[in-house]
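Here's the structure we're looking at; comments come further down.
Here, each number is a calculation from the coordinates, and none is a lab measurement. Keep in mind it's a predicted model, so treat the numbers as computed, not measured. Cβ placement follows ideal geometry from the backbone for every residue including glycine, while neighbour counts extend to all protein chains displayed.
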Amino acid sequence: MTNKTLQLEGMTCPTCVLKIEKLLKKTKGIEESEVLYNSGRVKVGFDEETVSIDDISAAIEQLGYRVVSVK
Ligand SMILES: [Cu+2]
């Protein structure tokens, strides 16, 4: 499993957290996820053979958030 932390811009209320959590839960290949509202971060653990960090970032951006960094 690969672990990454994404720094987002645009999470403005707890509903944003729920929206992102829902997306991550339905995305194949993501094994663990945690959305941290206060820091605007998303932690994900995923299987790189099933999904890439670029796919995950793109899916989050489609919801209307900006991924400013990944590490
Ligand atoms: Cu919101």
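On C-alpha positions alone, give me the angle between the axis of helix 14-26 and the longest principal axis of the chain, in degrees, nearest 10.
Between the helix axis and the principal axis of the chain, the angle is about 10 degrees.
So what is the calculated 222 nm ellipticity per residue for the chain, using -39500 (n - 2.57) for each DSSP H run with n of 4 or more, over all residues, to the nearest 500 deg cm²/dmol?
On the way: 2 runs with 23 residues, N = 71.
After summing the helix terms and dividing by the residues of the chain, the value is -10000 deg cm²/dmol.
Rounded to the nearest angstrom and ordered from largest down, what semi-axes does the equivalent ellipsoid of the chain get from its C-alpha gyration tensor (root of 5λ)?
Details: eigenvalues 65, 28, 24 Å².
Gyration-tensor ellipsoid for the chain: 18, 12, 11 Å.
With label points built 7 Å along Cα→Cβ from the Cα atoms of residue 43 and residue 3, find their separation and express it in nm.
Distance between label points: 0.6 nm.
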